[in-house]
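Read through the structure below, which is laid out as structure tokens, and then see the notes.
The values are calculated or read from the model by the stated rules, or taken from the named source; none is laboratory data. What you are looking at is a predicted structure, and each value in this text was computed from that prediction instead of being measured. Cβ sites come from the backbone with ideal geometry, for glycine too, and all protein chains shown count toward neighbours.
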Amino acid sequence: MISNLLQTINKDIPEFESMDSGIDFLMDYLLELSEDLDSKSFFVNKRWIEVRDNVQFQEKILHVFNEDGIYMRILEGDIVEGTWELSIGGFIIKHSGTHELYECVFLNDDYFILKKHGDHTVKAYRNKYFFMTKEALADQYEWNELLLELFSSYKSNAKYILVILMLVAFVLLVLIFSLS
């Protein structure tokens with residue numbers, strides 16, 4: 001475990017060809033830091049900005065998931081209402097006549113990453129992930145910089161865990177030698 005933590009602290013994030021490949025890489029490290037969808041306080045009544053890696057995507061799409069199950073997709077100030085619900089082991093979003101099933105990949109105060117259910121190798125024209133972040137981060141960073149920020153938070157957490165483990169080991173050594 002300690003060697004894994006040391007490797008993580010010293011690991012640099014590679015450059016990614018796409019946002020999907022970057023998220024695939026990061027999830028090997030970040031899954032344990034993710035909140036569960038049952039922790040609604042992490043995503044409900046917050047303003048989430050959609051992030052894509054497509055240079056033609058210049059719109060600012062705001063997503064809001066209200067406590068009462070109302071979903072709002074706001075594109076440049078124009079609101080389309082729908083609903084959201086947690087059901088069948090996933091996150092269902094209904095709007096504009098569509099019903100989409102997502103699985104939570106990562107959730108914390110700053111990031112909300114969902115994966116649309118299904119095989120994404122067939123549909124190469126679509127992103128595998130529905131990547132959202134809070135407005136302040138979306139206004140500052142591009143998709144690749146957001147992934148770097150996300151990985152940096154993981155590395156910081158790994159350093160914290162390593163320090164705690166070292167303190168526990170030190171206390172145990174002191175106890176062992178004081179009892180001898």
For the stretch 132-158, what are the residues that are of a type in the set (A, V, I, L, M), at pLDDT 90 or above and touching a helix residue (DSSP H, G or I) at 6+ places or on another chain (Cβ under 9 Å)? M132, L137, A138, L146, L147
Filtering the stretch 86-101 down to residues that are within 19 Å of the chain's Cα centre (by Cα) and either at negative phi or surrounded by 13 or more Cβ atoms within 10 Å (Cβ to Cβ) (or both) yields L86, G90, F91, I92, I93, E100, L101
Does any residue of the stretch 73-84 turn out to be among the aromatic types (F, W, Y), part of a strand (DSSP E or B), more than 24 Å from L30 (Cα to Cα) and at pLDDT 95 or above? yes
Output for Cβ contacts, cut-off 7 Å, separation at least six or different chains, first residue free of Cβ contacts under 8 Å to residues at least 24 places away in the same chain and under 10 Å from G69 (Cβ atoms) in the stretch 81-94, second polar (S, T, N, Q) and not in a loop (DSSP other than H, G, I, E, B), reads K94/T83
Are any residues in the stretch 47-60 out of contact with any His (no Cβ under 8 Å at 6 or more places or on another chain) and crowded, with 16+ Cβ neighbours inside 10 Å, and if so, which ones? V51, R52, D53
Residues being in contact with a strand residue (DSSP E or B) (Cβ under 6 Å, 6 or more places away or on another chain) and in a loop (DSSP other than H, G, I, E, B): count how many of those fall in the stretch 43-58. 1
Just to verify a result, which residue in the stretch 1-21, among those that are part of a loop (DSSP other than H, G, I, E, B) and surrounded by 17 or more Cβ atoms within 10 Å (Cβ to Cβ), is modelled with the highest pLDDT? F16
Within the stretch 22-46, of all residues that are closer than 20 Å to W84 by Cβ and surrounded by 15 or more Cβ atoms within 10 Å (Cβ to Cβ), the one modelled with the lowest pLDDT is S34
Consider G69 carefully, then state whether it is under 19 Å from E135 (Cβ atoms), of a type in the set (G, A, S) and without any contact (Cβ under 8 Å) to a residue 40 or more places away in the chain. no
Determine the pairs where a residue that is part of a helix (DSSP H, G or I) and surrounded by 16 or more Cβ atoms within 10 Å (Cβ to Cβ), located within the stretch 125-141, has a partner that is of a type in the set (F, W, Y) and at pLDDT 90 or above with Cβ atoms under 9 Å apart, the partner being 6 or more residues away or on another chain. L137/Y111; A138/W48
